């Protein structure tokens with residue numbers, strides 16, 4: 001029997017014991033996640049890691065952070081989960097998503113992260129996640145998990161920050177400019193942070209037309225375009241073509257959770273581009289951008 005209420009401040013070990021029981025319960029009946037989630041004292045979620053889309057959330061995190069759940073639903077459409085993640089932890093979780101493809105189907109991943117409370121302070125959370133399904137190509141597609149706030153030791157934030165910042169080596173001498181376009185503001189923030197930490201200057205936009213709104217001097221200084229294959233307004237290949245018309249000779253690095261189709265291949269033919277499948281590790285993104293800007 002799982003208690004439906006827990007103390008406001010519990011130890012990390014107590015949180016772990018609770019999550020082990022909750023995850024065992026919801027893993028047995030993932031199709032009933034909505035029914036089971038409402039009865040659980042901790043956060044329960046189902047995430048499409050290829051699209052970065054939260055498919056289910058029982059809003060327990062919002063309650064623990066002192067937020068209005070209805071307002072949280074609206075914010076998720078605009079900002080996503082990472083809007084409240086500590087910046088260092090956001091980069092680390094970004095890296096964690098890329099490890100699921102090679103994970104065993106029975107693997108349980110435990111992670112720690114900090115979320116911003118309504119009072120302006122970050123609260124520590126512990127999460128346990130399992131693979132829920134793979135796509136037709138055998139790639140990890142959806143993960144099922146649960147998370148709980150716990151009482152952290154005073155040195156936890158410092159240790160976490162050091163771990164996350166060590167994932168990508170800073171390159172302050174690089175100073176090349178990347179134009180980064182993603183329709184998701186939360187993903188845009190995390191990806192920009194990865195590139196900034198690696199030493200790049202970053203111009204950002206949430207659509208093709210917003211990217212083109214940058215002045216000519218800014219666009220001609222761009223060393224690489226990093227964008228989705230399909231943007232909300234125009235295809236990524238069309239954005240690359242319009243940048244070329246504006247005087248930019250930057251190669252493109254296209255991102256997508258799906259394998260490019262013939263239409264994309266035809267549109268990109270004759271141009272300088274590479275493709276990176278989502279989700280990907282931050283270090284792999286930096287490596288690909290570095291290769292693209294060498295030419």
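Structure data summary
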item	result
Residue in the range 87-100 that is in a loop (DSSP other than H, G, I, E, B) and either under 29 Å from residue 283 (Cα atoms) or modelled with pLDDT of 90 or more (or both) present	yes
Answer residue from the range 211-220, given it is under 30 Å from residue 257 (Cβ atoms) and in contact (Cβ under 8 Å) with a residue 12 or more places away in the chain and is surrounded by the most Cβ atoms within 10 Å (Cβ to Cβ) among those	211
Criterion: surrounded by fewer than 21 Cβ atoms within 10 Å (Cβ to Cβ), within 30 Å of residue 134 (Cβ to Cβ) and in contact with a helix residue (DSSP H, G or I) (Cβ under 8 Å, 6 or more places away or on another chain) - qualifying residue of 259, 274	274
Enumerated strands (runs of 3 or more DSSP E) restricted to the range 104-157, each holding at least 3 residues that are assigned by TED's automatic domain parsing to the domain that holds residue 259	none
Residue list for the range 1-36, filter: at pLDDT 80 or above and touching a helix residue (DSSP H, G or I) at 6+ places or on another chain (Cβ under 7 Å)	25, 26, 33, 36
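The values are calculated or read from the model by the stated rules, or taken from the named source; none is laboratory data. Everything numeric here is computed off the predicted structure, so don't read it as measured data. For neighbour counting, all protein chains shown are included, and Cβ atoms are generated from backbone atoms with ideal geometry for every residue, glycine included.
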